[in-house]
1. Based on the mean of other beta carbon atoms within 10 Å per residue, what is the order of 37-45, 22-30, most packed first?
2. Averaged per residue, what accessible surface does the chain expose to a 1.4 Å probe, in Å²?
3. Counting Lys +1, Arg +1, Asp -1, Glu -1, what net charge surrounds residue 19 among other residues with beta carbon under 14 Å of its beta carbon?
4. How much length is gained on full extension from residue 16 to residue 3, taking 0.36 nm per residue of separation minus their Cα-Cα distance?
5. From the residues 26, 38, 53, which one has its Cα farthest along the dipole of the chain in the positive direction, the dipole being from +1 and -1 charges on Cβ of Lys/Arg and Asp/Glu about the Cα centre?
6. If you average the sequence gap of Cα pairs under 8 Å that are 6 or more apart and divide by the length of the chain, what percent do you get for the contact order?
7. How large, in percent, is the carbon and sulfur part of the accessible surface of the chain at a probe radius of 1.4 Å?
8. Please grab the % of Cα pairs in the chain that end up more than 15 Å from each other.
Amino acid sequence: MRTRPAVPADLPSFFEIRTSVRENEMSLEELASQGVTLQTLPVLMDENARAWVAEKDGKVV
(Lines give C-alpha, C1' and ligand atoms only; values in the text may rest on other atoms or scores of the structure.)
Protein backbone atom coordinates (compact mmCIF):
# COMPACT_ATOMS: atom_id res chain seq x y z
CA MET A 1 0.00 0.00 0.00
CA ARG A 2 1.21 3.50 -0.72
CA THR A 3 0.03 6.97 0.16
CA ARG A 4 0.04 9.76 -2.40
CA PRO A 5 -1.55 13.14 -3.06
CA ALA A 6 -5.04 12.81 -4.49
CA VAL A 7 -5.75 13.93 -8.04
CA PRO A 8 -9.10 14.77 -9.64
CA ALA A 9 -9.24 11.32 -11.26
CA ASP A 10 -9.52 9.87 -7.72
CA LEU A 11 -12.75 11.69 -6.96
CA PRO A 12 -15.17 8.93 -8.03
CA SER A 13 -13.40 6.68 -5.53
CA PHE A 14 -13.90 9.31 -2.81
CA PHE A 15 -17.65 9.17 -3.36
CA GLU A 16 -17.70 5.37 -3.57
CA ILE A 17 -15.88 5.11 -0.25
CA ARG A 18 -17.80 7.95 1.44
CA THR A 19 -21.23 6.55 0.58
CA SER A 20 -20.26 3.03 1.69
CA VAL A 21 -19.56 3.81 5.35
CA ARG A 22 -22.02 2.94 8.11
CA GLU A 23 -20.92 5.65 10.53
CA ASN A 24 -22.10 9.15 9.63
CA GLU A 25 -23.92 7.86 6.55
CA MET A 26 -24.55 10.30 3.70
CA SER A 27 -26.01 9.67 0.28
CA LEU A 28 -24.86 11.38 -2.90
CA GLU A 29 -27.92 13.61 -2.62
CA GLU A 30 -27.08 14.58 0.96
CA LEU A 31 -23.49 15.35 0.00
CA ALA A 32 -24.72 17.48 -2.91
CA SER A 33 -26.99 19.42 -0.55
CA GLN A 34 -23.82 20.32 1.38
CA GLY A 35 -22.10 21.45 -1.82
CA VAL A 36 -19.95 18.32 -2.16
CA THR A 37 -20.07 17.06 -5.76
CA LEU A 38 -17.72 15.81 -8.45
CA GLN A 39 -17.79 19.36 -9.81
CA THR A 40 -17.01 21.21 -6.56
CA LEU A 41 -14.29 19.01 -5.10
CA PRO A 42 -11.62 19.76 -7.74
CA VAL A 43 -12.04 23.47 -7.05
CA LEU A 44 -11.76 22.90 -3.30
CA MET A 45 -8.66 20.74 -3.78
CA ASP A 46 -7.01 23.44 -5.88
CA GLU A 47 -7.90 26.43 -3.70
CA ASN A 48 -8.40 25.44 -0.09
CA ALA A 49 -7.13 22.00 0.79
CA ARG A 50 -5.14 19.00 -0.22
CA ALA A 51 -6.22 15.40 -0.03
CA TRP A 52 -4.25 12.20 0.23
CA VAL A 53 -5.23 8.68 -0.73
CA ALA A 54 -4.06 5.22 0.17
CA GLU A 55 -3.68 3.04 -2.88
CA LYS A 56 -3.39 -0.74 -2.98
CA ASP A 57 -2.90 -2.69 -6.17
CA GLY A 58 -3.71 0.46 -8.17
CA LYS A 59 -7.01 1.07 -6.38
CA VAL A 60 -7.85 3.84 -3.93
CA VAL A 61 -8.75 2.21 -0.63
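1. Numbers: 37-45: 13.9, 22-30: 9.0.
Most protected by this proxy first, the peptides run 37-45, 22-30.
2. Ligands and nucleic acids excluded, the result is 76 Å² per residue.
3. -3
4. Roughly 2.9 nm would be gained on extension.
5. Value: 53.
6. 55 percent
7. 54 percent
8. Across the chain, Cα pairs with separations above 15 Å total 53 percent.
The values are calculated or read from the model by the stated rules, or taken from the named source; none is laboratory data. Please read these numbers as outputs of a predicted model, since none were measured by experiment. Note that each Cβ is placed from the backbone with ideal geometry, even for glycine, and that neighbours are counted across all protein chains shown. Side chains are part of the model used for accessible areas, which takes the heavy atoms of the whole protein and leaves out ligands, DNA and RNA. Shrake-Rupley method; radii C 1.70, N 1.55, O 1.52, S 1.80 Å.
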